[in-house]
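To start, the structure itself, in structure tokens.
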Amino acid sequence: MPLQNYRGFSRDAWLLVGYSFISWLGGNIAWFIFPFYLKSLNYDYTDIGIVFSVSTLAQASVLLFSGPLGARIGYKRAVIFGVSLIFLGRLLQVFYPTMIFLVAGGVLLGVGMAFESPSYMALLSGEVGDEKRHYLFSLSSAIGTMGSAVGLVLAGFLPRYLTYREVFALVLFIIPLRLLLVAFVKSVLAHSEKSLSINRELLLRIGRFALPSALIGLGAGVTIPYVGLWFNQRFGTGLESIGWLFALQQFIMGLGTFLLPMVADRLGSVKTVVSFNGSASILIAAMPLSPAFYVAAFIYTVRTILMNIVNPIWNSFMMGLFKKEERSTAMALNNLSWTATFGVGQYLGGRLFDVSLTWPFIITAVLYALSMAFFWKFFAGEETKGYKS
């Protein structure tokens, strides 16, 4: 029975799954409430876009070397270092909400994420063999998505009783829990695996993932950070309703993520990614045409599920095409391609939403569709290829 593939993971694997829940819980409280927190301080879309984009571009610049450095110092140490910087960045944004400190905090946040994210994925990948990797990645994503849903409910509900700043400050109590969990993980990169040769062939293999990721990142940056504000301005929707909407889609996505590896086993990873993300591209173009909040909410919920539910399948497929010592570098450079264009997209999106509530969605849809065209061209014949752990 396919569900049996979720059994038998190591203690460290379960610690990393728990880490995912806490990380997404705190991260989505911050992600949801941060634009409203900045709006309450009288910043406009362009200002918010600057804060977002500087943080993301800082992350992108560090991703150039954080992957190889993570392999050298050990993935666990890289995760701890990254989470520590994330904490310091949020600390600045809570206690010193002037533009310069908001940006400085964003830079620390971006640098921290550049170290934490690829090393976490490499650490998780090392806990399982090829045949069950997409099940562990899906489990981590599903549990993380449940944490995200809880965070979104809290972020939408708590402004009834707390200020935006106080809700945002809750992440300062959640981030240290991530440090505590990863501290108990014993896995480190063995010395014999630390040697990595970055050559043209490796960069070309990474580039085939990087180009579709870059197009998705650009499209996402234009629209996604501003969707909560868009619902509020377009339909007058309250924060609690928006929070429940985002939470609902996360709960559904979390449940669906458990089942998706079975779909990928039947269709193949490439067909699964292209069919789900391709459908999402059509739906996001329809959002600005919605006549009412409930129509737009339904479209956005389905779009988000289709777009994000396949992320663990994409990541697992990617990890299978790289050797163990290549994985953090591959993940870091792939993240770089997404993150750099996401940062550009955030700035462009801030400017676009100041003048139009429609065009950002159309631009995002076109970029998503181009991404899937390239992904299919690059990987349609590579379902059975890969490296052993």
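Some observations on this one:
- Protection proxy ranking for 304-310, 101-107, 161-167, using the average of other Cβ atoms within 10 Å per residue and placing the highest first: 304-310, 101-107, 161-167.
- Taking the centroid of alpha carbons for each part, the stretch 137-180 and the stretch 198-259 are 17 Å apart.
- Probe 1.4 Å, protein heavy atoms only - accessible area per residue of the chain in square angstrom: 40
- Using a simple spin-label model with pseudo-atoms 7 Å out from Cα toward Cβ, T163 and F184 lie 3.7 nm apart.
- Multiplying the residue separation of D265 and W376 by 0.36 nm and subtracting their alpha-carbon distance yields 38.2 nm.
- Span-like helix ranges in the chain, DSSP H, alpha carbon extent 18 angstrom or more, Kyte mean at least 1.0: 45-73, 75-95, 99-125, 171-183, 239-267, 269-286, 293-308, 359-379
- As a calculated quantity, the FRET efficiency between S275 and I73 at R0 = 51 Å, using C-beta atoms, amounts to about 0.85.
- Relative to one another, the C-alpha centroids of the stretch 28-83 and the stretch 266-311 are positioned 25 Å apart.
- Label positions at N199 and I282, each projected 7 Å from the Cα along the C-beta direction, are separated by 4.4 nm.
- Entry note, the chain: the mean residue ellipticity at 222 nm calculated from DSSP H runs of n ≥ 4, each adding -39500 (n - 2.57), is -27500 deg cm²/dmol after division by the residues and rounding to the nearest 500.
- The stretch 73-120, accessible surface, carbon-and-sulfur percent (1.4 angstrom probe): 81
- Accessible surface of the stretch 145-274 [probe 1.4 Å, protein heavy atoms]: carbon and sulfur percent: 66
- T46 exposes around 30 Å² of accessible area when a 1.4 Å probe is run over every protein chain in place.
- Given the alternatives [x] 20.9; [y] 18.4; [z] 17.1, mean projected area of the Cα convex hull in nm² as computed for this entry is given by [z].
The values are calculated or read from the model by the stated rules, or taken from the named source; none is laboratory data. No experiment lies behind these values; they were computed from the predicted model shown. Here the Cβ is made from the backbone with ideal geometry for all residues, glycine too, and neighbour counts use every protein chain on show. Remember, those area values only see protein heavy atoms, side chains included, never the ligands or the DNA or RNA. Shrake-Rupley method; radii C 1.70, N 1.55, O 1.52, S 1.80 Å.
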